[in-house]
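Derivation of every value follows stated rules applied to the coordinates shown; laboratory data play no part. Since we're looking at a predicted model, the values are computed, not measured. Counting neighbours? That spans all protein chains shown, and the Cβs are built from the backbone with ideal geometry, glycine included.
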Amino acid sequence: MESLARKAAEEPLSSSPIERATAQILMDQIQHEQHNFPQIEILFPDEYEGPEGYPPKTSALYSPAQKNVTLLQDKKNGFGFARSNPRPPKPRSKGVTEIRGPYYSVMGKRYLADVLETMGTHVDGLKFAGGSFSLFQEKPLRELIDLAHEHGVYVSTGGWAEHLLTHPDPNAVFDKYLHKCKDLGFDVIELSSGFLSFPEDDWLRLVDKVHSYKLKAKPELGIQFGAGGDTPASGLEAIGTSDPGKLVNLGHKFLKAGVERLMIESEGITENVESWRTDVVSRIMKELPSERVMFEAADPKVYNWYIREFGIDVNLFVDHSQIVQLSCLRHGIWGTADTWGKIVSFRPE
């Protein structure tokens with residue numbers, strides 16, 4: 001076997017790429033045995049398991065970077081010599097990043113695979129905005145959800161529940177909705193009411209309903225009535241905003257009801273406003289547990305401000321196209337004029 005391995009390794013022009021990779025593995029295994037190095041599981045092409053014939057992530061054919069170790073973390077063979085802010089492994093309880101999936105752009109399994117195979121280490125959650133998942137055929141939707149789970153990413157419905165609450169029989173409709181979401185593999189059911197006047201007790205009952213299906217309820221809270229439809233600032237200003245104290249009080253009730261994390265609607269705070277309501281954000285961060293709050297921040301200026309003001313552990317929702325820039329900012333390896341070289345941490349790696 002050793003001679004065959006050497007032959008394939010020494011004659012690259014007469015060997016296929018997969019044969020050369022297999023040969024290199026055999027050579028490494030032989031060298032490891034000779035030096036009594038610890039052994040790793042060796043997988044060969046005929047043992048591949050996984051989508052479309054690709055080997056599982058545990059395969060020795062993958063480089064360290066493909067096994068959820070980024071080059072920035074690799075001190076021996078990567079860029080680990082450069083200063084950066086260490087990040088906890090997934091699943092994270094703080095510094096969580098949820099990305100928007102298909103809505104402003106189409107996203108299929110190949111598109112999502114590109115995002116997660118390159119940046120999956122930095123992605124914690126995937127959200128389907130505006131009921132977009134209902135437009136899919138079932139097979140490609142399941143493929144997206146399964147792919148997210150393979151990369152340790154939870155999947156959220158987004159706020160489509162608001163649409164269902166307008167139906168004549170919301171109780172029956174909601175049960176059907178939760179049953180199907182559970183069947184499809186969703187993990188989180190977002191509950192928003194930006195366009196609706198919804199009693200607090202009813203909202204809490206809805207949370208209990210979601211939890212009864214062993215799904216996670218994620219209420220979306222805000223100060224702007226009519227939020228969620230990208231209404232111009234002038235239109236939202238005419239409608240007016242509610243007292244931030246109402247948001248905080250309701251947030252406490254949701255957390256006591258077992259909600260893991262709250263989503264804070266950006267409209268009225270940092271989106272479609274003449275000036276940002278930073279006072280509202282400060283009050284939320286002061287009066288609610290920061291690790292149990294997530295802010296919508298799908299604008300570079302906005303998430304740049306959140307990281308600058310509250311540090312790398314703030315939980316943020318951004319567009320999938322922004323995950324690289326946000327991750328550079330969290331790690332402190334790049335930024336804009338007001339953040340470059342200034343985002344730091346002091347913690348064990």
Bins of 10 Å, starting at 0 and running to the largest distance - Cα pair percent for the stretch 149-192: 27, 51, 17, 4
Alpha-carbon Debye profile of the stretch 284-335, log10 I(q)/I(0) at 0.17, 0.29, 0.30, 0.32 Å⁻¹: -0.47, -1.23, -1.29, -1.40
Cross-link pairs beyond the 29 Å C-alpha cut-off, checked among 90/127; 180/246; 218/342; 94/214; 127/176; 182/286: 180/246; 218/342; 182/286
Residues with amide H under 5 Å from that of residue 218, placed H, sequence gap 5 or more: 189, 190, 191
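Could you sort 68-80, 184-196 so that the peptide with the highest average Cβ count within 10 Å comes first and the rest follow in order?
Taking the mean over residues of other Cβ atoms within 10 Å, the ranking is 184-196, 68-80.
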Alpha-carbon gyration tensor eigenvalues x 5, square-rooted, for the stretch 255-349, Å: 22, 17, 13
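Using the Kirkwood radius built from alpha carbon pairs, what does the Stokes-Einstein equation give as D for the stretch 97-331 at 10 °C and 1.306 mPa s, in µm² per second?
Details: Rh = 18.1 Å.
Answer, rounded: 88 µm²/s.
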Average Cα contact separation per residue, the stretch 115-204, under 8 Å, 6 or more apart, as relative contact order %: 31
If the convex hull is drawn through the Cα atoms of the stretch 63-130, its volume per residue in Å³: 108
